[in-house]
Amino acid sequence: MTSDVGERPLEPAPAPSAPAAPPAPARKLSWREKRWQRRRRRRLFEEILGWILVPVICVALYWGVRAGLNAAGTSPSAVIQAIKTLVSGGGPQP
C-alpha cells in the first residue's frame, strides 16, 4: 500500500519586516445603496431624537399649563373641581 502524501521541507515563515498586502479596494456603492444607507441613518437619528424630545416636550407642556394657570390666579386642582361641579349639574342657579 502506498501513500500519495509526500514529505517535503516546511516553507520558511515570511520575514516580519515584510509589509502586509494592501487591502482590496472597496466596492463603490450604487445610488440605491447610498439612498438606503441615508434612509437607515435618518430613521435611527429620528428614533433617538424622538426618545429625547418627546419627554422634554411633555414636561415643557406640563410646566406651561401650570405657569398659565398660576398667572390666571388658579390651580389645576381648582379647574378640575370646577369641571366636576359643572358636569354634575351643580352650577350656579338663575
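The values are calculated or read from the model by the stated rules, or taken from the named source; none is laboratory data. Fair warning: this is a prediction, and the values are worked out from it, not measured in the lab. Heads up, the Cβs are rebuilt from the backbone with ideal geometry, glycines too, and the neighbour counts pull from every protein chain shown.
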Out of all the residues in the range 29-48, is one or more part of a loop (DSSP other than H, G, I, E, B), modelled with pLDDT of 65 or more and surrounded by fewer than 10 Cβ atoms within 10 Å (Cβ to Cβ)? yes
Is there a residue being at pLDDT 90 or above, part of a loop (DSSP other than H, G, I, E, B) and loosely packed, with under 10 Cβ neighbours inside 10 Å anywhere in the range 5-24? no
